[in-house]
1. With every protein chain in place, what's the accessible area of Glu9 (1.4 Å probe, Å², nearest 10)?
2. 222 nm [θ] for the chain, helices only, -39500 (n - 2.57) per DSSP H run of 4+, per residue, to 500?
3. With contacts defined as alpha carbon pairs under 8 Å and 6 or more residues apart, what's the relative contact order of the chain in percent?
4. By the gyration tensor of its Cα atoms, with a ≥ b ≥ c the square roots of the eigenvalues, what is the shape of the chain: rounded for a/c under 1.5, prolate for a/b over b/c, or oblate?
5. Which residues among the range 64-101 fall inside the zone where the amide N is under 15 Å from a point 7 Å beyond the Cα of Leu124, along Cα→Cβ?
6. Rounded, prolate or oblate, given the Cα gyration tensor of the range 1-139, with a/c below 1.5 counting as rounded?
7. Taking θ = phi - 60°, what integer Hz values does the Karplus form 6.51 cos²θ - 1.76 cosθ + 1.60 yield along the range 139-155, in sequence order, with x for Gly and Pro?
8. Using a 1.4 Å probe over the heavy atoms of the protein chains, calculate the carbon and sulfur portion of the accessible area of the chain as a whole percent.
Amino acid sequence: AAVDLADAEGLPAVSMARVAEALGYTPMALYRYVENKDELLVLMADAAADVLALPPYDEGDWRAGLEAWTRAQIAGVLARPWFLDLPLTAAQVGPNRLRWIDRAFAILAPLDLTVDEKLQVVGLLAQHVLGEGRVQVETRRAAAEAVRRAQGLPADTPEADLDADAVAAANPYADYELVLTRLVDPETYPALTGALSTWAPAAVQPDDWESDIGFGLDILLDGIEAFVARRAAVRGAADRD
């Protein structure tokens, strides 16, 4: 019931009173099952991970597996942006979140890494999920709010009811390179000016968050691949010694 409320109205709508009302009970009745709202938020964070689905990938390719694992969680954050509004303390290890860690370890099983190193890889990707998700969610929120103001719409107008092209155009990072060319001068920003001197705007350059996610994830996976190779070389040298 709490997740349904957050999906419909955002995390601020979730209270013990509203959840109790949705269930047809008094707020005090909820305290037989959860100690307080903080515990409810922890349970919500874990419940959000239950509906995530790992897309198909070549199971012999650990890199493809990690990409699928990460993309699935980013998609989950975009589908439920209220997850980013949860306090960090709510993201504890529950049964559903633990299941996702287990899947990551299954993907990493063929690699000659220690348990600590695998946990660090999983943690790095989890941080990327939160960071990428926050960028996407907050820019969309800002764009949607700009469209509502420009069109004189109520503040609670759902994003789904807004013109998608208008929302894309209102993205604060739309035409970012073009904005930079108008702001920089060679005396104050010589390196940036030199770099932008070779840039030309495309005829049509819509906001493509899918490509943005893929670009960052590719670089991150390149780094993990280099780390795996380096650790293998170090262990191989130690074995020879």
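1. Accessible area, nearest 10 Å²: 110 Å².
2. Values: 11 runs with 154 residues, N = 241.
Helices in the chain give a 222 nm mean residue ellipticity of -20500 deg cm²/dmol.
3. Details: 177 pairs, mean separation 37.6, N = 241.
Averaging sequence separation for qualifying contacts and normalising by length gives 16 percent for the chain.
4. Values: a/c = 2.44, a/b = 1.06, b/c = 2.31.
It comes out oblate by the Cα gyration axes.
5. 64, 66-67, 70, by backbone N distance to the label point.
6. Values: a/c = 2.55, a/b = 2.02, b/c = 1.27.
Prolate.
7. In residue order, the calculated couplings are 5, 5, 4, 5, 5, 5, 5, 5, 5, 4, 5, 5, 9, x, 8, x, 4 Hz.
8. Values: 8210 of 14670 Å².
On the chain, the fraction of accessible area on carbon and sulfur atoms equals 56 percent.
The values are calculated or read from the model by the stated rules, or taken from the named source; none is laboratory data. These numbers come from a predicted model, not from an experiment. Every residue, glycine among them, receives a Cβ derived from its backbone with ideal geometry; neighbour counts consider all protein chains shown. When the accessible area is computed, the model is the full protein with side chains, heavy atoms only, and any ligands, DNA or RNA have been set aside. Shrake-Rupley method; radii C 1.70, N 1.55, O 1.52, S 1.80 Å.
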